[in-house]
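To start, the structure itself, in structure tokens.
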Amino acid sequence: MFGRFQRNARLYLINSALSGVSLGIILILYNLYLISLGYDTDFIGLVLFVATISAAITIFPAGLCIDRFGGKMVLIWASVAGAIAGVGQILFHQPVPLLASSIIAGVVGAFFVVINAPFLTANSAPAERPHLFSLNIVLLLATAVVGQLLGGVLPLWFRAISWLMAPLPPGLEWILVHQVEARSYQLPLLFAGIIALPSFIPLLLMSDDRPAYSAERASRQDTIPWRQQIGLLVQRIRLRTILVSPIFVLTLVQVLIGLGAGLLLPYLNVYFVYQLGVSSALFGLLDGGANMISALLSLIAPWLAIRIGKINTITLTRLISIPLLFTIGITPFLPLAAALFLFRRGAMNMSAGIFQVFSMEAVPREHRGLANSTYQASYQVAWAVSAPVGGLIIARVGYLPVFIGAAILYLLATVILWGCFRGREATLTEEAERQDMAE
């Protein structure tokens, strides 16, 4: 299938694979790095909040930039800005600079989040999309596994090298932190930035996809005064129509998923390392194993969607993951928690590509950019709201409430998705295919 994809889609997949290793290292180590600097989970929640809320604010401007400048240009400049923000997050140690660099990282992240689904949709045919979206997730997860394995063992290796842990010469003390444990996390994070540099090459090789300006289209829009356009739009709005529209339902699903994810997921590495007592190397192995299983299951998802439908595939896989998540939070038995952790993420995420395809096909072609911005903004805002709440709950009560809350929110999202779309999937997909063929 890879050889049949369009050129820009293939280059995008290569970029995902090359950047996945760095992403895996960062996911494993960054929270642990902040903890080693002396910060608690409430500060981690604040860092996540400012990054996520800045991403949410940038979602819609990012969509406008993508429509104006095209995917290639946005990907290149977002990657440059992301590299600068990443250096700041790793080299700065004080709260204010850390928060400032997190804001920049959140803004950059908004562009990557918004561009993914519309870019792949625009550079693929309808029959290719389940395979293309799933393969994109598989490549990112598979390479992230390598990064997670490295992220788990690199701190131990660096800590064992005495000259890397030695004090720096006068005038260079500001570059690295003084604490041995914190530096053993900081050095792998810097290494992650270095190995991400080759991911720029596929972006530079992409063909220019900047949209051409259509004077005819602009003139048609200008024939109707903007006040009259707003009036016509308001007249067409009906509360019942909004509540059953695909964009509203999918946005609500994203809000619930974002609330559950923000409540718990940022603190899972802290939970395993500091609550269950595993080493960073072992957690890196566990997290890498979970991503590898997710990648393998994602390859099965298109096959499953063809046989039982997209909505049934999403519902079934997410329902399986919920009791696994709940059990991880209540068991004190580490081997059981570790075993369930391996499969919980795979069950939850194996249909992520199918969900992306359906979320694009469920709306008219001309509204897909707006729809994806809405989905991502709602998820980011929900994450931003719940992440600091999760940190505060953990710091004051413990981990069990956030596990229960996340499980309930995931269940609500799954039930709403299935209840609203189980009888409408075929109609929405056929309409999307007609639009794409006409285009």
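One table, with the values for the structure above:
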| read-out | value |
| --- | --- |
| Relative packing of peptides 4-11, 297-304, 201-208 - highest average C-beta neighbours within 10 Å first | 297-304, 4-11, 201-208 |
| Among 407, 110, 339: highest mean-square fluctuation, GNM of the chain, C-alpha pairs under 10 Å | 339 |
| Local electrostatic count at residue 321 - Lys and Arg +1, Asp and Glu -1, tallied over other residues with Cβ under 12 Å | +3 |
| Residue-averaged 222 nm ellipticity for the chain, from DSSP H runs of 4+ at -39500 (n - 2.57), nearest 500 | -27000 deg cm²/dmol |
| Solvent exposure of segment 1-120 as accessible area per residue, Å², 1.4 Å probe | 39 |
| Highest average packing first - 42-52, 143-153, 322-332, Cβ atoms within 10 Å | 143-153, 42-52, 322-332 |
| Per-residue HN-Hα couplings for segment 184-190 [Karplus 6.51, -1.76, 1.60; θ = phi - 60°; Hz; x = Gly/Pro] | 5, 8, 5, 4, x, 5, 5 |
| Lys, Arg +1 and Asp, Glu -1 on Cβ, resulting dipole of the chain about Cα centre, debye, nearest 20 | 640 |
| Per-residue ³J(HN,Hα) for segment 270-285, Karplus 6.51 cos²θ - 1.76 cosθ + 1.60, θ = phi - 60°, Hz, x for Gly and Pro | 5, 4, 6, 6, 9, 9, 9, x, 7, 7, 5, 5, 5, 5, x, 5 |
| Length-normalised contact order for the chain - Cα pairs under 8 Å, 6+ apart - percent | 28 |
| Using θ = phi - 60° and Karplus 6.51 cos²θ - 1.76 cosθ + 1.60, couplings along segment 325-335 (whole Hz; Gly, Pro as x) | 5, 4, 5, 4, x, 9, 8, x, 8, 4, x |
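The values are calculated or read from the model by the stated rules, or taken from the named source; none is laboratory data. Computed from a prediction, not measured in an experiment: that's the story for all the values here. All Cβ positions, glycine included, derive from the backbone under ideal geometry; neighbour counts span all protein chains shown. Note: accessible area is taken over every heavy atom of the protein model, side chains too, but ligands, DNA and RNA are not part of it. Shrake-Rupley method; radii C 1.70, N 1.55, O 1.52, S 1.80 Å.
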